Structures are given as structure tokens and as C-alpha cells.
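The values are calculated or read from the model by the stated rules, or taken from the named source; none is laboratory data. Everything numeric in this text was worked out from a predicted model, so none of it was measured. In this analysis, Cβ positions are derived from the backbone assuming ideal geometry, glycine residues included, and neighbour counts consider all displayed protein chains.
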Amino acid sequence: MRSFATWITGHRKTVIISWIVALIATIGISGSVGSDYSEEFKLPASDSQEAFELLETKFPAQSGDSAQIVFSSADGVESAPVKKTMEGVFAEADELKHVSEVASPYESGGAGAVSDDGTIAYATVQFDVTSDELVDGEAKKLVALASAAAGDGLQIDLGGQPIEEARAEDEEDSSFLIGLLAAMVILLITFGSAVAMGLPLITALFALGVGLSVVTVGTHVFDTAEFAPQLALMIGLGVGIDYALFIVTRFRNALDEGLEPRPAAIAATDTAGRAVLFAGITVIIALMGMWLLGISFLYGVAMAAAVAVLFTMISALTLLPALLSLVGRRIDKLRIPGLGGRKASMDESSGWFRWSREIQRRPVLAALLSGGLLIVLCIPTLSLRLGSNDAGTDPAGTTTRDAYDLLAEGFGPGFNGPFQVVAALPEKGNDQSLVELSKTLEDEEGVAAVTDVTMNPAENTAVFQLYPTTSPQSEDTTKLLDHLRNEVIPPLEESSGAQIHVGGITAIFEDFGDAISEKLPLFIGVVILLSGLLLMIVFRSVWVPLKAIVMNLLSIGAAFGLIVAVFQWGWGAGLIGVDGTGPIISFFPIFLFSIVFGLSMDYEVFLMSRIHEEWENSHDATASVTRGLALTGRVITAAAVIMITVFASFMLGEDRIIKLFGLGLASAVFIDAVIIRSVLVPAIMQLLGKRAWWFPDWLGRILPKLHVEPAEGDPRPTGEHPVVPPPSK
């Protein structure tokens, strides 16, 4: 790191120009190739995937997504004016590209699409491609058709996956700008200088500009969900500013100690830069662990977040030292009076010094209180339920939410998430087996209705919709799906010789959750093993990695507890604009675990590297904890506040998934910084004493030696003179 930092600061103009060229080039390339996002859930060996593949092969026109045109009139949907208007809408919709069929409630056999009181009806618009392949705005055109026809007592709303995605594309999201503005304010308060405040922002924005451009190009290689760039932006902005904050703080400290700007930049990179390097690696390890799950949908999102972290880490280790050596002592220019005071952290009157001493005087009490609070926060996690979120959780007043409410009112909540039953017949035109299948399923408890069966031209494959009596996100709907698959369908397959599969968006999410749950132990085990091994190599300790793993799992459990309380139970949901409660979307836990585990390791590395540095110098367990917390408390708190603010700002958007991540990440960082790093870590380290640094000789010979801080006796990063440890007390 010392040689690397020396080269970077010695070629600072080359480094800065290279970053400018890289930014322009990557933006230009990404702009020319564009993006290719995909929301497909491809689950190998799942029932819903087999249903999709069968439709794609035998029923191309039915393999795409569908939308619903839901309309209501107090005069009745059969009244002449309403019928004339809606038939015109259906005719225009049928002309849209990729629309294979519009099933009108006015056609023969369409009576089931009109409510019993005759005031609500719906038509199904079937596309021959999935929503992510509707590149010409067909869904938006459909929304425009409906909006133009509504009025004079006629309400028209639209639902379905294509409409959901079109609505999400049109939402204006200012959360990034709010988070950036909040970070500027906190940095200004921390440093008291506009120049010092600007450097972390510049390096983070350069990194995100390059990183997100690479992510855009990467969408042509990996299936990447549309929310991936926003998630990468959220994580990259938070960690990018944090990483730069630690290096800038060390640089200013070095200047205060009398070093010249270039040696100070080298010293900052060789100390805080090492912590940034190891912290970034742990985050990337946690994110890339999602590849172990074997689910292609996760690959693109994991890559996007990992790329954002990678470039913010590289930017903090290259662009930032180059800028620091160039700016030099002008870093304190444009000061704000009264802000950013640099009072010596080791002054016994300083707040962090006194706080550390108080915790160390009563370590058992501090450990019990903080640990007990974390366990209480983890309790709601026991009620965590995975599944899919239906349009009933969309913001009130949106067309998808209004369509959902109309369908639920007119036909029952199950009409918002039908199962798609696909049957491959053993012989052409086996009508009797289809009649038996349809009748048996319709008579099952929990089934509201079954549509007419549609045959493919070869008459060897049939498809129909099955509507549950309960909503897509209801636990009863999940039980019905399991009952049909495990108890009802197998005897029908045996008697008829048909192969019957249940698909549809609700079934896909259930299968997705099952696939994740099956491989979750492997994923968690590998991530914990690799992260623990890295910490063991760095800190030459057995107990420090074990402590870190347990505490990180507690912070993750507590964050999940808050998520369950808000999004499932509805506690305070209205405060962040969540209108409806429901299960947690299936893929969320795996992402939150990856990101939170990595971010928790960030603070672990930053705090413990300083404690370890003090331990190596003094071999006084108590003093090393006191000094380590006192020297890092202020900057870790500032970093945590920035990250919490950035993550919390994303709760202001409309997207429920991003709200989930915003609350989960903000609460996890708050818990980690306030409860764990400020209370539980110093208490546990005080209780462990010198035993915290126990490391068997045989293990030390096996593992390589790495240092997250310059080793004792190493020359100063400037090459001036050795570091002499202070005398032990």
C-alpha cells in the first residue's frame, strides 16, 4: 500500500486525467449500447418454470404477460354508451404490437368477467412476450387509451405486470438527490470546510458514474432487474462517501502532526486506505456469494451492487489520494465558523474517551443491556413470511391499485393473482381428461372460479386460469398452491396421463422463495466462513472474527425484525408511505443479508483495525479499546449518519422494493453504529481482555500474514523514520 500510494501521489495528474477519461468513455459506451434489463424469474427444475417453458413451446401467444382493463360504471357496464366506449378501447388495444388477444367481457363466454351487480367488468389483454421485452411502450400506450376513454361516470383502470413496470418507469425519484444533499450537510458539519466536504463527494460521484455505466453495459451479459441500478446507486453512494471520509480524516490528522501534503496523503492511504481495501473486499465477497444460489435473476443485481462497491473502493484508493496531494493544506479553505473542530480525541475530557471509560467500567451491564435490546429487536423476525406483493400494496390513487381494488370488490381478491394451469396431454384432443381436470379443480375449497380451457392448434396442450378466493399475498393462497400441487394434481396426472403444471406470477414467487430457502444455509455458511477467515488473517485472532460474526448476525436479525414490524404488521408504515401490509418479497432477505453483512464488516474493520493498532503498540487490552474507540468514534459516527441518511432517503420513493432496502439498510447501519460498535464491542472486548488476541501458533503458520495497519516497526509511509510504540503504562 505504501509503494502504491507513493506511485499514485507521484503521478497524480495522470491518475486524475485517467479517471476523467474513464468517466467520459464509459458514459459514452453505455449511452451508445443502451440497457437491456430483464425481470424474468428463471428457476430451473421448478413447477412454474416448467409451466412457462411449456407455454413458450406449445403456446407462444400465451407465454407472455397479461394485463387487465378493469372498468366500472354506476349505470352498468352493459349500458349502450359504456359498451360502445369499451369495445372501441378493446379494438384499439388489439392493434397494439405484441398483443395476441383481447378477451372482452362482451364476447361469447365472457359473462364471468362481469360482476354479479353488473357495475364492474374486466378484459384480459394477452401479450406474446414478457413485460421486459415490451420495448416500444405498448403498456404505456394501453394506459393512454384507457385514460382517454374514461370519464362521464366511466372509471377505467389497468393492472398486471406490464402496467406495473410502466408505472415504475414513469415515477420520478428524487431520493438520490436528497441523499446527496444530506451527505453534503453532514460532511460540512464534520469537516467544517467546503473543500474537505467536496472531496468525498467528487470521488464517490466519479466512481458511481463509471460503475453505473459498466452496470448498464453489463445488462447485455447478465439478466439484470430494473431496480438494480437504483440499489447499486444507494449502496455505492453510502460506502463511497464513507470510504473517502475515513481517508480524508486520516489525511487531516497527518497534516496536524506536521507532515507535508504528499507524505500525509501516503500516510492516509497506508493506514485508512488498508481498512478501506479490506472493508470493500468483505462487502464484495458477501454480494458475490449470491452466485452460490444458482438463480440467474440474482446474478445481475449482485454484479451491479458489487461493481458499484468495487469502483468506489478503487476511487478512494487512487483518485482521492491524488486529489489530496494536489489540494494539500488548502483542504481547510472555505471554512464554516464553529464547525469541524479538531479537538484531540485522546483528551480525557472528550466525549468518546469518557464514553469508552464508562462502558469499560461496567462491561457486564453494558453487554447485557445492548445484547438484550438486540435480541428483542430480533423477535419479529420469527414471523417473517416470504411471498409476493400484489398491487394492493401499490400507492393509493395509482391505476394499478385502483384496478386491484375494483377487481377485489367485483369478483374477490383472488382475481388479482390467478394461477396459470398448463396441461400437456398424452393424446390429441383428450377432452374428457380436461373436463375432469377443470371440474375437480373448480370444486376445491379455496378456488373461486376456473376459466374455459384453451387448446393449442395441435390440440395436445391446454391452458386455463384458476382464481383463488384469497389475494395473491395471502397465506391461504400459498396453502392452496401447495395443496393443489401435492394432493390434487398428482392423482389427476396418474389417471389421465397428462403432465400438469401450475404457473403464474404468484406461483413463480413462491417457487423463488423455496429455491432461495433451499440454498440459504450454503450461502450464509460460505459468506461467514470467507469473511471470518479474512478477519482472522488480518487481526491474527480467533475471538475477534467470532465476535464480529455473532454481532453482525444480531444486527441483521434486528434489521429484519424492524422490516417485519413495518411491512408485515404495519407499525409506522404510513410514516414512510407504505399503504398496505403483506409478505416480504422472496428475494429480499438474501440481498439484505449480503449487503448488511458486508457493511457491518466495514465498521468492524474500521474500529478493530484502530484497536489492533493500539494493541500492537502497547499490549494493554484496556487502553487499546479506550484509545481505539476514542480515536474512531467521531468519524465512525459521522460515516454512519451519512450512510443512514443516504439509505433513509430512498424510502421517499414510490417503489416498495427500494423502500424495503432503504429501511432495512438504514436501520441495520444505525443498530450497528449506535448499539454494537459504541456499546457491545467495547464491552465484549473489555470482558475478553488479552484473550481477545489469542491465536494458536499452528494456525499462524498456516495462514498468510496481512496487516490492515502498518506493522509495528515498519517505516513511516513517508519513509522518514520507524514508528516507535509508546511506552506501556
Exercise for review: Please work out which residue is modelled with the lowest pLDDT, limiting yourself to region 345-382 and to residues that are of a type in the set (D, E, K, R) and in a loop (DSSP other than H, G, I, E, B).
Suggested key: Asp347
Review point. Would you call Arg342 out of contact with any Asp or Glu (no Cβ under 9 Å at 6 or more places or on another chain) and either modelled with pLDDT of 85 or more or of a type in the set (Lys, Arg) (or both)?
Key: no
**Study point:** Criterion: outside the structural domain of Met685 (by TED's automatic domain parsing), assigned to a helix (DSSP H, G or I) and touching a residue at least 12 places away in the same chain (Cβ under 8 Å) - qualifying residue of Ala558, Ala507, Ala548
**Key:** Ala507
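Residues checked against (1) out of contact with any Ser or Thr (no Cβ under 7 Å at 6 or more places or on another chain); (2) among the polar types (S, T, N, Q); (3) under 30 Å from His619 (Cβ atoms):
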| position | (1), (2), (3) |
| --- | --- |
| Pro468 | no, no, no |
| His483 | yes, no, no |
| Pro491 | yes, no, no |
| Phe512 | no, no, no |
| Pro521 | yes, no, no |
| Ile528 | yes, no, yes |
| Met551 | yes, no, yes |
| Leu554 | yes, no, yes |
Check your understanding: Residues in region 285-292: is at least one without any contact (Cβ under 8 Å) to a residue 12 or more places away in the chain and aromatic (Phe, Trp, Tyr)?
Key -> yes
Study note, to complete from the structure: Of (1) buried (at least 22 other Cβ atoms within 10 Å of the Cβ); (2) in a strand (DSSP E or B); (3) without any contact (Cβ under 8 Å) to a residue 40 or more places away in the chain, Ile489 fails just (2)
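Go through region 564-581 and give me each residue that's without any contact (Cβ under 8 Å) to a residue 24 or more places away in the chain and either surrounded by 14 or more Cβ atoms within 10 Å (Cβ to Cβ) or assigned to a loop (DSSP other than H, G, I, E, B) (or both).
Scanning region 564-581 gives Gly570, Trp571, Gly572, Ala573.
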Check your understanding: Of all the helices (runs of 4 or more DSSP H) wholly in region 130-244, which have at least 2 residues that are modelled with pLDDT of 85 or more and more than 30 Å from Gly598 (Cβ to Cβ)?
Key -> 138-149, 194-218
Check your understanding: When residues of region 383-398 are filtered for being in contact with a Ser or Thr (Cβ under 9 Å, 6 or more places away or on another chain) and either aliphatic (A, V, I, L, M) or assigned to a helix (DSSP H, G or I) (or both), how many remain?
Key -> 4
Study note, to complete from the structure: Considering residues that are in a loop (DSSP other than H, G, I, E, B) and either buried (at least 20 other Cβ atoms within 10 Å of the Cβ) or touching a Cys at 6+ places or on another chain (Cβ under 9 Å) (or both), the number found within region 399-429 is 3
Check your understanding: In this structure, is Ala367 buried (at least 19 other Cβ atoms within 10 Å of the Cβ) and farther than 30 Å from Gln68 by Cβ?
Key -> yes
Check your understanding: Here are Thr282, Thr271: which of them is in contact with a Gly (Cβ under 6 Å, 6 or more places away or on another chain), in a helix (DSSP H, G or I) and not aliphatic (A, V, I, L, M)?
Key -> Thr282
Review point. Within region 700-716, can one find any residue that is surrounded by 20 or more Cβ atoms within 10 Å (Cβ to Cβ), at pLDDT 80 or above and assigned by TED's automatic domain parsing to the domain that holds Ile563?
Key: no
Practice item. Could you check Lys84 against (1) modelled with pLDDT of 90 or more; (2) among the basic types (Lys, Arg); (3) in a loop (DSSP other than H, G, I, E, B) and say which number it fails? Key: (3)
**Study point:** Sole residue being among the small types (Gly, Ala, Ser) and within 28 Å of Thr130 (Cα to Cα), chosen from Gly497, Gly503
**Key:** Gly503
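So that you can scan it fast, the table gives a plain yes or no per residue for (1) modelled with pLDDT of 80 or more; (2) assigned to a helix (DSSP H, G or I); (3) out of contact with any Lys or Arg (no Cβ under 9 Å at 6 or more places or on another chain); (4) surrounded by fewer than 22 Cβ atoms within 10 Å (Cβ to Cβ):
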position: Gly633; (1), (2), (3), (4): yes, yes, no, no
position: Ile642; (1), (2), (3), (4): yes, yes, yes, no
position: Thr645; (1), (2), (3), (4): yes, yes, yes, yes
position: Ser649; (1), (2), (3), (4): yes, yes, yes, no
position: Glu654; (1), (2), (3), (4): no, no, no, yes
position: Leu660; (1), (2), (3), (4): yes, yes, yes, no
position: Gly664; (1), (2), (3), (4): yes, yes, yes, no
position: Val669; (1), (2), (3), (4): yes, yes, yes, no
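Among the candidates Ser474, Ser433, which residue alone is among the small types (Gly, Ala, Ser) and in contact with a Ser or Thr (Cβ under 8 Å, 6 or more places away or on another chain)?
Details: Ser474 fails: in contact with a Ser or Thr (Cβ under 8 Å, 6 or more places away or on another chain).
Going through Ser474, Ser433 in turn, just one is among the small types (Gly, Ala, Ser) and in contact with a Ser or Thr (Cβ under 8 Å, 6 or more places away or on another chain): Ser433.
For Ser541, are the conditions met, namely being farther than 27 Å from Ile585 by Cβ, among the polar types (S, T, N, Q), part of a loop (DSSP other than H, G, I, E, B) and more than 24 Å from the chain's Cα centre (by Cα)?
yes
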Check your understanding: Of these, Asp443, Asp476, Asp514, Asp452, which one is in contact (Cβ under 8 Å) with a residue 12 or more places away in the chain, surrounded by fewer than 21 Cβ atoms within 10 Å (Cβ to Cβ) and over 23 Å from Arg385 (Cβ atoms)?
Key -> Asp452
Exercise for review: Filter region 290-317 down to residues that are of a type outside the set (A, V, I, L, M) and farther than 18 Å from Thr224 by Cβ and give me whichever is nearest to the chain's Cα centre (by Cα).
Suggested key: Thr312
